[in-house]
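Q: The structure is given below, and queries will be raised subsequently.
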Amino acid sequence: MSVTFSLNSSLAADTIPVAMLDLCEVRLMNDANFPWLVLVPRKPDAIEIVDLESETRHRLMDEIAVASAALRSVTGAEKLNVAALGNQVAQLHVHVIARFRDDEAWPGPVWGAVVRKAYDKDARVELIEKLSDALRGR
């Protein structure tokens, strides 16, 4: 019996779909404080990067690079933070966060630094459109 991929409910609630890459769903964290992508490999039961076959791990790294380049291009980020923590959500997912020396959490981590602020509709739509275009132009 094969297991099908299903997005974790917390990830679904906290993020907005942006694009589908070969391996990953690319989603925008709904926090306007920090431009922040979440890549979720569509691999059932994957919890850690080491759970992936070698070829799939390489694909994930390539897609992290693609998403990172798109996010930097769209936002002008000074630094990119990339992390696969999974302490609260076990499903394998990778955070790609655009950072700026004047953001409210700099130089520390973004988690818990400020109260999350959802994007307003127009800003969300515009950012997703720009990110989608940048990801397609890969």
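Q: What's the number of the condition D51 fails, among (1) of a type outside the set (S, T, N, Q); (2) free of Cβ contacts under 8 Å to residues at least 60 places away in the same chain; (3) under 28 Å from D133 (Cα atoms)?
A: Every listed condition holds for D51 apart from (3).
Q: Which of the residues that make up the stretch 3-12 are without any contact (Cβ under 8 Å) to a residue 24 or more places away in the chain and open to solvent by 80 Å² or more (accessible area, probe 1.4 Å)?
A: S9
Q: Would you be able to tell me the number of residues in the stretch 74-105 that are polar (S, T, N, Q) and either in contact with a Pro (Cβ under 6 Å, 6 or more places away or on another chain) or open to solvent by 90 Å² or more (accessible area, probe 1.4 Å) (or both)?
A: Of the residues in that region, 3 qualify.
Q: Counting just the residues of the stretch 106-138 that are within 18 Å of M20 (Cβ to Cβ) and not in a helix (DSSP H, G or I), which one comes out most open to solvent (accessible area, probe 1.4 Å)?
A: Ranking the qualifying residues of the stretch 106-138, first place goes to R138.
Q: Here's something else I'd like to know. Working carefully through the options L80, L127, find the one that is out of contact with any Phe, Trp or Tyr (no Cβ under 9 Å at 6 or more places or on another chain), modelled with pLDDT of 95 or more and of a type outside the set (K, R).
A: Exactly one residue qualifies, and that residue is L80.
Q: I'd like the full set of residues that are in contact with a strand residue (DSSP E or B) (Cβ under 6 Å, 6 or more places away or on another chain) and open to solvent by 50 Å² or more (accessible area, probe 1.4 Å), limited to the stretch 18-58.
A: None; the set is empty.
The values are calculated or read from the model by the stated rules, or taken from the named source; none is laboratory data. Predicted model, so just to flag it, every value in this text is computed and none were measured. Cβ coordinates were reconstructed from backbone atoms using ideal geometry, including for glycine residues, and neighbour counts include every protein chain displayed. To get the accessible areas, we keep the full protein, side chains included, count just its heavy atoms, and leave off ligands, DNA and RNA. Shrake-Rupley method; radii C 1.70, N 1.55, O 1.52, S 1.80 Å.
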